[in-house]
Each structure stands twice: as structure tokens, then as C-alpha cells.
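Have a look at the structure below, then the notes.
The values are calculated or read from the model by the stated rules, or taken from the named source; none is laboratory data. Because the structure is predicted, anything quoted here is derived from the model rather than measured. When we count neighbours, we look across all protein chains shown, and the Cβ atoms used for this are built from the backbone with ideal geometry, even at glycine. Remember, those area values only see protein heavy atoms, side chains included, never the ligands or the DNA or RNA. Shrake-Rupley method; radii C 1.70, N 1.55, O 1.52, S 1.80 Å.
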Amino acid sequence: MKRKVIAVLLASTMALGLVACGGGSSDGGSEGGTTEGGTEESGSSEGGSSASGDTIRLVNGKIEIDAQLKKLAEMYKEETGVTVEIESMGGGIDIQGTLKGYYQANNMPDIFVNGGATDFSNWEGMLEDMSGEAWASDTDAAYVDEHGTIGFPYTVEAVGLAYNAGILEKAGIDPATLTGPDAIKTAFETLDAKKAELGIDAVVGYCAEATNLYWSTGNHLFANYIDGGLKRDDTTYIDMLNDGGKVDEARLTDFAEFVGLLNQYSDPALLVSGTYDQQILNFASGKYAFVTQGSWIGATMTTADAEAYAAAGNFEVGMIPYAFQDGMDTILTNSPSWWAVFSDGNKDAAKAFLQWCSEDKAQQVLVEEAGFISPFKSCTYVASDPFAQTIIDYQNADKTSGWHWLNMKEGLAQNYTGQVFNDYAAGRLDAAGFVKTMQQVIQACYAN
């Protein structure tokens, strides 16, 4: 198996990674750009990794937390004497391509980032199974495949229908009661009738623009058809999808009718041609009661849109499930990417460092300084991110579903389903047409 993977690595590199969540960032991070903090160190590494008895090297895909990871490295060295070299990449670099180059040069890091199934497949047979590590039983967000637990989660993001708690309270709507499509429709009708009183432009900030926001509809919104209301390990609908593009027509019809509600009660100025930046700014400004984005928007609201958010009162936010069927009570949570351990590197030291990263001292830095939402159940720290407490509450209640959309065929959202959402929003399709067209394009994608 290793010979097969090595042959792939020596071939031309492929542009891989998670589809961006918007605003120039990927799902929970910026994987790409220039190398920072560690280029010279990596160049001086020898052997299959940088490993000596007391040195490990970590390739990080989130350039914005470079300083915090280097602080952890200093803390760890003070405690253990082990040196952790941090090499951070961000802003547009092909991380997987860079790693393939490291492999060819016999210069692999001991720990490195992977964004999902496509990335992990590059290293089949080369990664440590960490199932026996203590942290693995303390989280639901590890990356697990047929080889075991091969991905360490460092943060959690969530996909749900985000809301402005102040607006709902003013309208007399308890979000805890929004547990099915009828209840949500009634709430939308109430909010729509009170727009002037509530000072909002629209009930929902939903954007189905297909060129730049296909990832929002084709990945994150469609993810609810795949996983909504299911146990984390339930792969029923992604398995059907990957079996030649099959769908459950009844479930997809219920989903289509719910998307129709989003079309009906969205901001018409945004619906088919808006941008991510407009969508989040308007929500942060208090112009919408709901917005169809994930928890990653909290970082935008408190940085780029901080002035508008403050003017709107720094309102409390929350999330409800995309409950397109009665009783759906989960939001979709996952780590946006994971750290893996290279089997031919200093694997024992690498695993020991990751275990330490899951524990109290490191978690305090990652949560309070890096702003991560901890994936570990034992963590008592809460990030300042507006959505942090909401995600923790869902995790503690075991009301989360997985992100199996990561296992869809590559290009499905960008080249096929994103346009179907746009056509539906533009009125070129009704709910039945959405279902029929979605079936056709999905089958066409898998046939190719």
C-alpha cells in the first residue's frame, strides 16, 4: 500500500483542501499562502522527519495561531525538555503539495495538518493510529477511518441556523420550540409580520449565489440533508450518495420544502447575487433574525464587523437545527481539519505532545488566546467567540451530528449542486423541480 501512495506523491501535485467557508478563509482556518515561522528549521531537518530524541516538528495550517502555538511549544519545552518546532502556513499555499515535496526530500514533519478525506488519502498507511490515546475518548471530533483514529482535532465548528437572540425574544419566540418545519414556518411568519417593529430588513440572511458561495449551499446547507438529526456515526445518506449518486427522495423533498422557506423569507437583495461579506455584515448589524452560516462567522462579527456588531448591541447569538423534519434536534459539528502523526517520524514524542495539547494548560491557551472552541469534553474553558457556549451546550447534551459531506465526491458542490440551489432561489425551479434536478446532477457527477 505504501508503494501505491509513494507513487501518487511523486506524481504531479493536486490542489487539495477544504472548500472555503467564506471571507477568504477555509472551514475554520486559512490553509494556504506563504510559509511562516519554521521555513529555515524545516530546511535543516534530516532523516525521515525532524526527529531527534528531543525534537519534533509540527506543520500548522492556521497562520493566525502561529504565535499561540509557539507559546505552547515554549511551555512544553519548559515542562519536558522536548523542542517543538512550529511551521505555519497560510494565505493560499498548497499545503498538501508542500508536504509531498517534503516527503520526496525525506524531510517530513512529525505532525502535520490534513483537511479531510482527500488529504488523508495521500498518506494512507503512513499515519499513526491514536485510538489508544487518552484524548481519543474525550472527544467526538477526532478523524476516524478504517485504520483507526488518525486525526487529532484542535477546535470545533458548527453548522446550524444561527439566530439573533434579542430579536427572537422581542418577537416572543422561544428558539427551544423550533423543532420542526411547521414551528419554524410559524416563527418566520411572525417575524415577517413584525419586521418594521423589530427593525429588521428580512427574517433570514440566506445567499444562494452559485459562483462564490456554492460551498455555503452545496456543502454546508446540503450537509443537513446528509446528516441532520442523525447520530454522529450514521452514514446512511452519504453512503447512498457515494453509491452512484443515490438519494432518499422523501427526505430530499422535505429538505427542499425547508429550503423553500429560506427562499421565501430571505433578503431579496441578497438571495441570488449577494456576497458572504454582505451576508455577515447585515446579520452583525441586526438586520436579520437568522443567517445561514456556521459558527465561523463569530470571528468575523467580532473583528471585521466589530463596529457594526457593537452598534447593534453585541447581541447574544445561538443556533437551532435545520429541522426540515419534526424532531430533528442536532446541529452539525466537527473539526475543520486535524493534526496527524507521521509513522516514520518521532511518533511517540509527537503523540505525547498531542496528548498534552488536549489537557488543561494547553487548552487554556488554545481556547482563551487562540479563540478555539474546544473539542474536548473535559475542557472547562469557554472561548469569547459568540457561538462558543451554544456549541458547548449542544456537545454536552450529545445533540450533534457529523460532517459526512466531507466525503462527497470532489467538485459536487462547486460544479453541480450549488447551481441548483441558485436556480431554486431565483424561481426557475419549484420544490419538485429542485428534487428532480438535484437527483439528475448528482447522478451526473458520480457518473463522471
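Below, the figures for the structure above:
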| quantity | calculated |
| --- | --- |
| Of residues in segment 112-141 being acidic (Asp, Glu) and in contact (Cβ under 8 Å) with a residue 40 or more places away in the chain, the one most open to solvent (accessible area, probe 1.4 Å) | Asp140 |
| Hits in segment 187-209 - residues which are out of contact with any strand residue (DSSP E or B) (no Cβ under 6 Å at 6 or more places or on another chain) and either at pLDDT below 95 or under 15 Å from Tyr322 (Cα atoms) (or both) | Ala187 |
| Residue list for segment 342-359, filter: over 27 Å from Ala383 (Cα atoms) and in contact (Cβ under 8 Å) with a residue 40 or more places away in the chain | Phe342, Ser343, Asp344, Gly345, Asn346, Lys347, Ala349 |
| Within segment 365-380, tally of residues that are open to solvent by 70 Å² or more (accessible area, probe 1.4 Å) and either hydroxyl-bearing (Ser, Thr, Tyr) or in contact with a helix residue (DSSP H, G or I) (Cβ under 6 Å, 6 or more places away or on another chain) (or both) | 4 |
| Answer from Ala383, Ala362 - the residue that is open to solvent by less than 30 Å² (accessible area, probe 1.4 Å) and free of Cβ contacts under 8 Å to residues at least 60 places away in the same chain | Ala383 |
| Among the candidates Asn224, Asn212, residue that is closer than 30 Å to Cys445 by Cα, in contact with a strand residue (DSSP E or B) (Cβ under 9 Å, 6 or more places away or on another chain) and open to solvent by 10 Å² or more (accessible area, probe 1.4 Å) | Asn212 |
| Some residue of segment 103-114 being hydroxyl-bearing (Ser, Thr, Tyr) and over 16 Å from Trp338 (Cβ atoms) | yes |
| Criterion (modelled with pLDDT of 95 or more and under 19 Å from Gln278 (Cβ atoms)) met by exactly one of Leu168, Leu161 | Leu161 |
| Every pair of residues 6+ apart whose Cβ atoms lie under 6 Å, when the first sits in segment 52-81 and is under 16 Å from Lys351 (Cα atoms) and without any contact (Cβ under 8 Å) to a residue 12 or more places away in the chain while the second is open to solvent by 10 Å² or more (accessible area, probe 1.4 Å) and in a strand (DSSP E or B) | Lys77/Thr83 |
| Unique residue being of a type in the set (Gly, Ala, Ser) and open to solvent by less than 50 Å² (accessible area, probe 1.4 Å) when the list is Gly345, Gly327, Gly313 | Gly345 |
| Residues satisfying the stated conditions in segment 393-406, i.e. touching a Ser or Thr at 6+ places or on another chain (Cβ under 8 Å) and either open to solvent by 30 Å² or more (accessible area, probe 1.4 Å) or part of a helix (DSSP H, G or I) (or both) | Tyr394, Gln395, Lys399, His404 |
| Spans of strands (runs of 3 or more DSSP E) in segment 293-387 with at least 1 residues more than 30 Å from Gly274 (Cβ to Cβ) and among the aliphatic types (A, V, I, L, M) | 338-341 |
| Any hit, segment 298-308, residues being closer than 17 Å to Ala141 by Cβ, crowded, with 24+ Cβ neighbours inside 10 Å and touching a residue at least 40 places away in the same chain (Cβ under 8 Å) | no |
| Some residue of segment 282-290 being crowded, with 21+ Cβ neighbours inside 10 Å, under 23 Å from the mean Cα position of the chain (by Cα) and among the small types (Gly, Ala, Ser) | yes |
| Any chance Leu270 is in contact (Cβ under 8 Å) with a residue 24 or more places away in the chain and part of a helix (DSSP H, G or I) | no |
| Residue within segment 187-194 that is farther than 16 Å from Gly402 by Cβ and touching a Pro at 6+ places or on another chain (Cβ under 8 Å) present | no |
| Answer from Thr253, Thr211 - the residue that is assigned to a loop (DSSP other than H, G, I, E, B) and more than 18 Å from the chain's Cα centre (by Cα) | Thr211 |
| Residue check for Met89: part of a strand (DSSP E or B) and touching a residue at least 24 places away in the same chain (Cβ under 8 Å) | yes |
| Pair list, Cβ under 6 Å, 6 or more apart: segment 227-246 residue within 17 Å of Val144 (Cα to Cα) and part of a helix (DSSP H, G or I), other residue open to solvent by 30 Å² or more (accessible area, probe 1.4 Å) and of a type in the set (S, T, N, Q) | Ile238/Asn407 |
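The rows are residues; the columns are (1) among the hydrophobic types (A, V, I, L, M, F, W, C); (2) modelled with pLDDT of 95 or more; (3) more than 14 Å from Trp356 (Cβ to Cβ).
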{"residue": "Lys70", "(1), (2), (3)": "no, yes, yes"}
{"residue": "Tyr76", "(1), (2), (3)": "no, yes, no"}
{"residue": "Glu85", "(1), (2), (3)": "no, yes, yes"}
{"residue": "Gly91", "(1), (2), (3)": "no, no, yes"}
{"residue": "Lys100", "(1), (2), (3)": "no, yes, yes"}
{"residue": "Ala105", "(1), (2), (3)": "yes, yes, yes"}
{"residue": "Ile111", "(1), (2), (3)": "yes, yes, no"}
{"residue": "Gly115", "(1), (2), (3)": "no, no, yes"}
{"residue": "Asp129", "(1), (2), (3)": "no, yes, yes"}
